[in-house]
Amino acid sequence: MKTRRKRVYAYITNKNRLLVFAHPNSPAAGIQVPAGTVEPGEDTDVAVMREAEEETGLTGLQFASFLGKIERDMSEFGTEEIQEAFFYHLICPGDPPESWRHLETSGGTTDPIPFDFYWVSLPNGVPELICLDGEMLPELEQVRKQAD
């Protein structure tokens, strides 16, 4: 029987831009959005804020909306698990840097991993994202249009 794992994905926007990142030490990891594993007993709303701050180094992020959940067999990506993926829209207020490097440490539990963050234009400037990272981009655009 395959294990089940809950993960949260953060679509962080600033004006008409989406935050994405690359792994400078592992280019094959592709372009991603901040995401991570939900801790046992942790609420997904709490997990997405924790993961977004840990991975990006940004503070003051604002919760905008829950976009949806999907369940996916991850064997096509080389992982024998069923992933419950929870997608959220977070807002980064103000004028953040155009790009930056942040050393992610999983809350101090791993050696630092460099991530290179940058903003891309929504909706047409978003590069191809890895794995499940782009699954809820249409829902993000829908809620953004409703907010305008």
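The values are calculated or read from the model by the stated rules, or taken from the named source; none is laboratory data. All values derive from a computational prediction rather than experimental measurement. As a convention, Cβ positions derive from the backbone with ideal geometry for all residues, glycine included, and neighbour counts pool all protein chains shown.
Give the number of residues within segment 101-139 that are in a helix (DSSP H, G or I) and either touching a Gly at 6+ places or on another chain (Cβ under 9 Å) or farther than 24 Å from I82 by Cβ (or both). Reasoning before the result, please.
Filtering segment 101-139 for residues in a helix (DSSP H, G or I) gives 137-139.
Now restrict to residues that are either touching a Gly at 6+ places or on another chain (Cβ under 9 Å) or farther than 24 Å from I82 by Cβ (or both): 139.
Adding up the residues that qualify gives 1.
Answer yes or no as to whether P93 is exposed (fewer than 12 other Cβ atoms within 10 Å of the Cβ), assigned to a loop (DSSP other than H, G, I, E, B) and in contact (Cβ under 8 Å) with a residue 60 or more places away in the chain. The answer is yes for P93. When you look at D116, is it among the acidic types (D, E) and either surrounded by 13 or more Cβ atoms within 10 Å (Cβ to Cβ) or closer than 16 Å to R7 by Cα (or both), yes or no? For D116, the condition - among the acidic types (D, E) and either surrounded by 13 or more Cβ atoms within 10 Å (Cβ to Cβ) or closer than 16 Å to R7 by Cα (or both) - is met.
Tell me, which residue of segment 35-85 that is in a helix (DSSP H, G or I), polar (S, T, N, Q) and modelled with pLDDT of 90 or more is surrounded by the fewest Cβ atoms within 10 Å (Cβ to Cβ)? So the residue we want is T44. Within segment 1-34, the set of residues being part of a loop (DSSP other than H, G, I, E, B) and in contact with a Lys or Arg (Cβ under 9 Å, 6 or more places away or on another chain) comprises N16, P24. Taking residues in segment 108-130 that are free of Cβ contacts under 8 Å to residues at least 12 places away in the same chain and more than 13 Å from P34 (Cα to Cα), and partners anywhere that are surrounded by 14 or more Cβ atoms within 10 Å (Cβ to Cβ) and not aromatic (F, W, Y), not one pair has Cβ atoms closer than 6 Å while being at least 6 places apart or on different chains.
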